[in-house]
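Here is the structure we will look at.
The values are calculated or read from the model by the stated rules, or taken from the named source; none is laboratory data. Just so it is clear, the structure is predicted and the values come from calculations on it, not from any experiment. When we count neighbours, we look across all protein chains shown, and the Cβ atoms used for this are built from the backbone with ideal geometry, even at glycine. With ligands, DNA and RNA removed, areas are computed over all heavy atoms of the protein, side chains included. Shrake-Rupley method; radii C 1.70, N 1.55, O 1.52, S 1.80 Å.
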Amino acid sequence: MSSPTSRSEWEQLAESITINGQAMINGQYQPAESGDTFDCISPIDGRLLAQVASCDYLDANKAVANAKAVFEQGTWSQLPPVKRKQVMIRFADLLEQHADELALLETLDMGKPIKFAKAVDVAGAARAIRWSGEAIDKIYDEVAPTAHDEIGMITREPVGVVAAIVPWNFPMIMACWKLGPALATGNSVVLKPSEKSPLTAIRMAQIALDAGIPPGVLNVLPGFGDAVGAALALHMDVDTLVFTGSTKIAKQLMVYAGQSNMKRVWLEAGGKSPNIVFNDAPCLKAAAIAAASAIAFNQGEVCTAGSRLLVESGVKDELIQLIAQELKSWQPGHPLDPDTVTGAMVDERQLENVLDYIKAGSDEGATLVQGGERVMEETGGAFVQPTIFSDVNNKMTIASEEIFGPVLSVIEFDGMEQAIEIANDTIYGLAAGVWTSNLSKAHKTAKALRSGMVWINHYDGGDMTAPFGGYKQSGNGRDKSLHAFDKYTEIKATWIAL
Ligand code: NAD
């Protein structure tokens, strides 16, 4: 069947697909042991999509025991890397073959535009799986520089059972940034998707089996964070916990690791990223287009959102005007319309959070330039306008807290030193943008920023080939690139006396 090309064709497809809400343990779809379910509601129109298994510690115990047994049997963990590579590539191919279905599930479940669900989410997830698979038979171990009568081998081994806990903003991509290197290196995985967007993870579990990943190697447990999430984080047989989500929960996971087995904990957490535009930016229009996309793309539900626009006094008014103009093309529309670029917020609660922040911005004295309103309420969906505040100072709530919605705070500065000081004055350190024609200023600013990623004269670039992650309370370790493989392997030194 050819791909849908209109909203009505996507709606027809939505009527025809079967949505599975069960957990996947040891290659079998099954309900939660308790029999409990929760309602999976679409933020597009409030419709019930599925009743989803509400897993807890009973399911965590079962999935981890199976994952551990499968790891020890070696059907996946001891497969030659070239064989694992072939299966991973097949997995990526199948994700692409199911692109329409997966994109549709993602859009219905979390409200993002179908256009991006397919071109960004499904494509990015498949790329992560394929890239990691292709890499695995090209990574060599090391031999230490030793005396002539001994050999010191430095080898990498899979850690064992990996628990991966992921958020709702890019459900497939966040999962596959973990699954790619975790599976390629031979681990068994228990994946816990967000309770707000569990559907694609559940579907991917079957696709992984179809690709040839053995039963028990990829388990998926939908459910709530304080139930199944906490059970995994406290589990004595989980060797490594990888997480993407808020800084608040990231800190809690470190506590859980300390209270249990000191499992390795790798955290990708929140951000409040500065996008710095100097008076000598090479093209103000290009900076405005990027700044608008940096706050509006994915409804602003992006960890690297350029939510603090630091602008030098000389270009402030013109830049704000250009961004305001640009954001007119980011107004919300129906997520299944292929022309829509801004969809619904993930749920009513997140919409309320965003509206509360908008109120706080006005209450604390920032100037509302544009937006600020809930829209399309008659659809039953959770839509909000992209919003700009100017006259913001860095201490205001909207400048210091992660909103995770399309709300831009414009902060004025004078000179490079002040820009760097304001940019770094945050608990976060995920990403930053710098716009200048001066090469020396670009390098000096990039070096001074306490941030895991810096984009010069653009915003939000990236690929599987480069690491993704943050400084400070934005987390530790990195997703993507070969650096991500560190999280999923232990290093062993073996000494041989000759
Ligand atoms: P969240 O921290 O509320 O939830 C993330 C996951 O943790 C969910 O699956 C949730 O169920 C689970 N969880 C919640 N409480 C738990 C507990 N006590 N024990 C174990 N698990 C628990 O985050 P969210 O609202 O889903 O996602 C938004 C956050 O994710 C933002 O802060 C955003 O910046 C961050 N994020 C970071 C990156 C990155 O790469 N740095 C990428 C995307 C999103």
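A few comments on the model shown:
- Ordering 139, 435, 319 by the projection of their Cα atoms onto the charge dipole of the chain, which places +1 on the Cβ of Lys and Arg and -1 on the Cβ of Asp and Glu, puts 139 at the extreme positive end.
- Estimated Rh, region 7-269: Kirkwood, alpha-carbon pairs, angstrom: 18.7
- Lys/Arg +1, Asp/Glu -1 at C-beta; the chain dipole; positive extreme among 20, 73, 200: 73
- For region 107-161: rounded, prolate or oblate by the Cα gyration tensor [a/c cutoff 1.5]: prolate
- Note on region 149-306: the C-alpha convex hull projects to 14.7 nm² when averaged across all orientations.
- A simple spin-label model places pseudo-atoms 7 Å from Cα toward Cβ; at residue 412 and residue 83 they are separated by 6.7 nm.
- Cα convex hull of region 244-357 - mean projected area over all directions, nm²: 10.1
- DSSP-defined beta bridges in the chain - what % are antiparallel, rounded to 5: 45
- Extended-chain gain in nm, criterion 0.36 nm per residue less alpha-carbon gap, residue 17 and residue 356: 118.4 nm
- Over all distinct Cα-Cα pairs of region 406-471, the Kirkwood formula returns a hydrodynamic radius of 12.8 Å.
- If R0 is 30 Å, the Cβ-Cβ spacing of residue 150 and residue 482 corresponds to a FRET efficiency of close to 0.60.
- Ranked by how many other beta carbons lie within 10 Å on average, peptides 337-349, 279-291 from highest: 337-349, 279-291
- When the solvent-accessible area of the chain is split by element, carbon and sulfur atoms take up 52 percent of it, the probe being 1.4 Å.
- In degrees, nearest ten, helix 284-296 long axis to first principal axis of the chain (Cα): 60
- Exceeding the 18 Å Cα-Cα cut-off - candidates 83/118; 85/178; 112/196; 447/472; 263/487; 85/263: 83/118; 85/263
- Remark: region 274-463 carries a charge dipole of roughly 600 debye about the Cα centre, counting +1 on each Lys and Arg Cβ and -1 on each Asp and Glu Cβ.
- Kirkwood hydrodynamic radius of region 274-463, from inverse mean 1/r over distinct Cα pairs, in Å: 16.5
- Prolate/oblate/rounded label for region 96-219 (Cα gyration tensor, a/c 1.5): prolate
- Pairwise label distance in nanometres, residue 328 with residue 497, each label 7 Å out on the Cα-Cβ vector: 8.1
- Based on alpha-carbon atoms, the Kirkwood radius and the radius of gyration of region 385-498 give Rg/Rh equal to 1.11.
- Stretchable slack from residue 285 to residue 490, in nm (0.36 nm times residue separation minus alpha-carbon distance): 69.0 nm
- From its DSSP helices (H runs of at least four residues, each -39,500 (n - 2.57)), the chain gives a residue-normalised ellipticity at 222 nm of -11000 deg cm²/dmol.
- Between residue 65 and residue 210, the FRET efficiency estimated from the beta carbon spacing at R0 = 25 angstrom works out to 0.55.
- Only Lys, Arg (+1) and Asp, Glu (-1) charged, at Cβ; region 333-406 dipole about Cα centre in debye: 180
- Whole-percent pair-distance distribution, where bins are 10 Å wide, for the alpha carbons of the chain: 4, 20, 28, 26, 15, 6, 1, 0
- In summary, the lysines within cross-link reach of residue 316, defined as a Cα separation below 23 angstrom excluding same-chain residues under 8 places away, comprise 272, 285, 328, 395, 441, 444.
- Simple spin-label estimate for residue 465 and residue 438 in nanometres, 7 Å along Cα-Cβ: 3.1
- Fraction of alpha-carbon pairs over 12 Å apart in region 443-483 - percent: 63
- With θ taken as phi - 60° and the Karplus curve 6.51 cos²θ - 1.76 cosθ + 1.60 applied, the whole-hertz 3J(HN,Hα) list for region 354-360 is 5, 5, 5, 5, 4, 5, 4 Hz, x standing for glycine and proline.
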